[in-house]
Amino acid sequence: MTKLAYTFVAGVTLAGAGCHESDIDPMMRQEKWKPYWSTTLFSDGRAMRQPPEHTVPREHVLDAATSPPVTQALLTRGHDRYDIHCAVCHGYAGDGDSVVAGKMSLRPPPTFHSEKLRPYTVAQIFDVETSGYGYMPTYASEISVPDRWAIAHYIKALQLSQHATIEDVPAAERGSLDKPAAKPEGAEHGHEHSEKKE
């Protein structure tokens, strides 16, 4: 035999020696049907079946499908989580004015008050947090599903705060908008500093 033949035989022998029946995953060798295969087991001849009612994919997040109701507690939580995770890039007012944004010359984080982002729904904001968008990575592993909903609602509140009109204020509350600002504590007791007369 030539040297090349010996090398080939030795390689096949070594390769075969490494493959034992116990090394092969039995799940890979089990009988199964693949999509679009046919079978005589079902009357329609199709291997693919409609999943039973209420079947949920294992990747599905059960509590991500529906936004929770908006409450003061939800917005407070969203404010807190926003300041921790989002303000560093998008700014505390959601205007994209932050130290990090100032150093991202290629594409700084956008303002939430732009004509493009203001129409975003809470669900769309939640989806961006979950899947990422552009240079923004996904935050699915860092922020829980309930907190992502809370942040999304808080961002909508931020947008409203910067574009609110008098019509957005309940009629019963509008009168309080014209009241003068409260005096500093102690001012009503005559503790104001006055110039000393000579």
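Report the residue count in segment 57-82 for those that are of a type outside the set (Lys, Arg), at pLDDT below 95 and over 11 Å from residue 153 (Cβ atoms).
9
Taking segment 138-187, which residues are of a type in the set (Ser, Thr, Tyr) and free of Cβ contacts under 8 Å to residues at least 40 places away in the same chain?
Answer for segment 138-187, where residues must be of a type in the set (Ser, Thr, Tyr) and free of Cβ contacts under 8 Å to residues at least 40 places away in the same chain: 138, 141, 144, 161, 165, 176.
Of the conditions (1) out of contact with any strand residue (DSSP E or B) (no Cβ under 8 Å at 6 or more places or on another chain); (2) more than 30 Å from residue 126 (Cα to Cα); (3) small (Gly, Ala, Ser); (4) modelled with pLDDT of 90 or more, residue 45 fails just one. Which one is it?
Of everything listed in (1) out of contact with any strand residue (DSSP E or B) (no Cβ under 8 Å at 6 or more places or on another chain); (2) more than 30 Å from residue 126 (Cα to Cα); (3) small (Gly, Ala, Ser); (4) modelled with pLDDT of 90 or more, residue 45 misses just condition (1).
The values are calculated or read from the model by the stated rules, or taken from the named source; none is laboratory data. Here the structure is a predicted model, which means the values were calculated and not measured. With ideal geometry, Cβ positions are generated from the backbone for all residues, glycine too; neighbour counts draw on all protein chains shown.
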